[in-house]
Amino acid sequence: MDIYKKFSIRAPESTFEAAEAFASVSGISRNAAIGILLKLGIQHLHQFNAQTARFERIEARLMAMQKSNYKALVYLSTATALDPMRQDRAEASALKNVSEIFSAEGL
């Protein structure tokens, strides 16, 4: 059975020509070449999905840190000189969040 029909592969003719050229250069059958290319495509999709999930986790962390920094900013803008200890803690928290944003997950 032709692998094109087995997997209902729909692609431009140039894709099939490239697969057949790959098969002839590699000395393998056309079906084996298509199988290899399918496996590579599936592997690429898995890597893409893993990368997307990683970016979503990073985005969630950044949003949480942004919210924390916003709260610290609001507090710092309304803090009075009567409470310097809490002001220092808010500043330290904001600095920690900024350093985490640019050091975490290889950023």
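The values are calculated or read from the model by the stated rules, or taken from the named source; none is laboratory data. These numbers were taken from a predicted model, which means no experiment stands behind them. Backbone-built Cβ (ideal geometry, glycine too); neighbour counts: all protein chains shown. Heavy atoms of the whole protein, side chains included, go into the accessibility calculation; ligands, DNA and RNA do not. Shrake-Rupley method; radii C 1.70, N 1.55, O 1.52, S 1.80 Å.
Expressed as a whole percent, the accessible surface of segment 16-107 that belongs to carbon and sulfur atoms is 63, based on a 1.4 Å probe. Please list, by residue number, every one of the trypsin sites (Lys or Arg not before Pro) in segment 6-99 that is coil in DSSP and has at most 15 other beta-carbon atoms within 10 Å. Sparse-neighbourhood loop trypsin sites (Lys or Arg not before Pro): Arg10. Extents of segment 22-61, largest first, come to 49, 14, 6 Å (Cα atoms, principal axes, whole angstrom). Rounded to whole numbers, the Karplus 3J(HN,Hα) couplings from phi for segment 48-62 are 4, 5, 5, 5, 4, 4, 5, 4, 5, 5, 4, 4, 5, 4, 5 Hz, using 6.51 cos²θ - 1.76 cosθ + 1.60 with θ = phi - 60°, and x at Gly and Pro.
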